[in-house]
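One structure is given here, and the rest of the page talks about it.
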Amino acid sequence: SRKNIMVVSLENFYSNKKVLVTGHTGFKGSWLSMWLQYMGSEVIGYSLKPPTNPSLFDIADVGSNMVSIIGDIRDYQKLKNLFEEYRPEIVFHLAAQALVLESYNNPLETFETNIMGTVNVLEAVRSNGKVRSLVNVTSDKCYENNDGLKSYKEDDILGGIDPYSSSKASAELVIKSYWKSFFDKEKTLKESFICSVRAGNVIGGGDWAEYRLVPDCVRAIQENNKIHLRNPNSTRPWQHVIELIYGYLKLSVELKKNKSLHGESFNFGPDLQKEYSVLELVKAMSNNWEDVSWKKISLSKGKFYESSLLRLNCNKARKILKWKCILKFEETMELVANWYRNFYSSSRNTNHITNQQIENYQSLAVKRGLKWAKTN
């Protein structure tokens, strides 16, 4: 189909580029890999096997048009060999243990994967010397969260009570250490540029992870059960995975153009006035799906800690990268519901609807006349 303005702009950068995606078999990694393939990149993936069954990676046949290597991010030698063999120019590091509740069940694996996995990627980049930009994905939960009303900026204090949050805050410290110690512009590796990105709760088709709201909703709906809500009044910076992936792609482009961004971190999330609670999200899902019902449940007191409020200040990304969420909440939920309904239909074509949603999003960005959607 005819490419629109934003696609051409991105394609000029990513077409025929060698791009490594760690965690490519996961939810966000699969969306990113598909978008890169759509733009003509030579995509290399390094990850464990898909973490869920079903998985977007398998059902959309993501691996058919890329080099897909199954490996553990904790295996430094295997990762180093990959860098030497494929010589990627751009790296997106997404591989992680990404669930708060799972981090309580397996804290050792969480810390090893999220901290030492980040060390291994940075060390492989440092040793190889061929990478021109590295976007390192952490989390909005890397901030010291006091459950207050403030919105967290990129230079706020890092912290975390649960193992997942703590591991992501630690990963941020690792990134900063490598930047200052090895990737500073005064050092020999001045052509390698790195950034970290932090985002709120991401939703979209193809997510089947446990303990995440949308997959839990979909499973309950399909089984004709009530949706169980742990914290119905908790607010989260919900955003569609397409919006976040565009932020990653845009940042890597800007990082190549603007060397002053080297070592910076960026928040990605919706406008603060567009926050929605867990219950509001479930109600929005019910507007796009029949026979949806829910009930509140209680966890054993003191068993887990989950923050009730998380706000990100994303002015930096809006000002410097000219990035912002363009989807209305209702549009986001419609995309999510349509994707899952397609999957569960008899005539499903998962690869097609995923690519179609990417293309429709791009067309909408141009239609809404945003500056970041236009060719420079």
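For region 17-31, residues that are within 17 Å of I73 (Cα to Cα) and of a type in the set (D, E, K, R) total 1. Hey, does region 200-220 have a residue that's surrounded by fewer than 21 Cβ atoms within 10 Å (Cβ to Cβ), over 20 Å from S30 (Cβ atoms) and modelled with pLDDT of 90 or more? So far as region 200-220 goes, yes, one or more of its residues are surrounded by fewer than 21 Cβ atoms within 10 Å (Cβ to Cβ), over 20 Å from S30 (Cβ atoms) and modelled with pLDDT of 90 or more.
Every test in (1) under 18 Å from Q356 (Cα atoms); (2) among the β-branched types (V, I, T); (3) in contact with a His (Cβ under 9 Å, 6 or more places away or on another chain) is passed by V21 save one, and that test is (1). Would you please name the residue that is least open to solvent (accessible area, probe 1.4 Å), looking only at residues in region 124-177 that are touching a Pro at 6+ places or on another chain (Cβ under 8 Å) and within 28 Å of S234 (Cα to Cα)? Among them, the one singled out is D140. The single condition from (1) in contact with a strand residue (DSSP E or B) (Cβ under 6 Å, 6 or more places away or on another chain); (2) over 30 Å from H352 (Cα atoms); (3) among the aliphatic types (A, V, I, L, M) that A220 fails is (2).
Quick one: is I59 farther than 25 Å from E172 by Cα and either without any contact (Cβ under 8 Å) to a residue 60 or more places away in the chain or open to solvent by 10 Å² or more (accessible area, probe 1.4 Å) (or both)?
Judged against the criteria, I59 is a match.
Conditions (1) closer than 16 Å to Y86 by Cβ; (2) hydrophobic (A, V, I, L, M, F, W, C); (3) open to solvent by 30 Å² or more (accessible area, probe 1.4 Å), marked per residue:
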{"site": "T25", "(1), (2), (3)": "no, no, no"}
{"site": "K28", "(1), (2), (3)": "no, no, yes"}
{"site": "L32", "(1), (2), (3)": "no, yes, no"}
{"site": "E42", "(1), (2), (3)": "yes, no, yes"}
{"site": "P51", "(1), (2), (3)": "no, no, yes"}
{"site": "G63", "(1), (2), (3)": "yes, no, no"}
{"site": "M66", "(1), (2), (3)": "yes, yes, no"}
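Within region 313-347, being part of a loop (DSSP other than H, G, I, E, B), basic (K, R) and more than 24 Å from S252 (Cβ to Cβ) holds for one residue alone: K328.
Here is a yes/no grid of residues against (1) open to solvent by less than 50 Å² (accessible area, probe 1.4 Å); (2) modelled with pLDDT of 85 or more; (3) touching a Cys at 6+ places or on another chain (Cβ under 8 Å):
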| site | (1), (2), (3) |
| --- | --- |
| N288 | yes, yes, no |
| V292 | yes, yes, yes |
| K296 | no, yes, no |
| S300 | no, no, no |
| F304 | no, no, no |
| C314 | yes, yes, no |
| K319 | no, yes, no |
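Within region 59-84, can you find the residues that are of a type in the set (D, E, K, R) and touching a helix residue (DSSP H, G or I) at 6+ places or on another chain (Cβ under 9 Å)?
Let us first name the residues in region 59-84 that are of a type in the set (D, E, K, R), namely 61, 72, 74-75, 78, 80, 84.
If the condition is that a residue be of a type in the set (D, E, K, R) and touching a helix residue (DSSP H, G or I) at 6+ places or on another chain (Cβ under 9 Å), then D61, D72, R74, D75, K80, E84 are the ones that fit.
Residue count for region 215-248 satisfying the condition of being assigned to a helix (DSSP H, G or I) and out of contact with any helix residue (DSSP H, G or I) (no Cβ under 6 Å at 6 or more places or on another chain): 11. Pairs are defined by a Cβ separation below 8 Å, a sequence spacing of at least 6 or placement on different chains, a first member in region 93-115 that is among the aromatic types (F, W, Y), and a second member that is part of a helix (DSSP H, G or I) and surrounded by fewer than 24 Cβ atoms within 10 Å (Cβ to Cβ); the pairs so defined are Y104/P163; F111/P163; F111/S166; F111/S170. The set of residues in region 227-282 being of a type in the set (V, I, T) and more than 25 Å from I194 (Cα to Cα) consists of I227, T235, V278, V282.
Screening L272 on (1) at pLDDT 90 or above; (2) farther than 22 Å from H228 by Cβ; (3) of a type in the set (A, V, I, L, M) shows it passes everything except condition (1).
The values are calculated or read from the model by the stated rules, or taken from the named source; none is laboratory data. Computed from a predicted structure; not experimentally measured. FYI the Cβ positions are ideal-geometry reconstructions off the backbone, even for glycines, and counts take in every protein chain you see. Side chains are part of the model used for accessible areas, which takes the heavy atoms of the whole protein and leaves out ligands, DNA and RNA. Shrake-Rupley method; radii C 1.70, N 1.55, O 1.52, S 1.80 Å.
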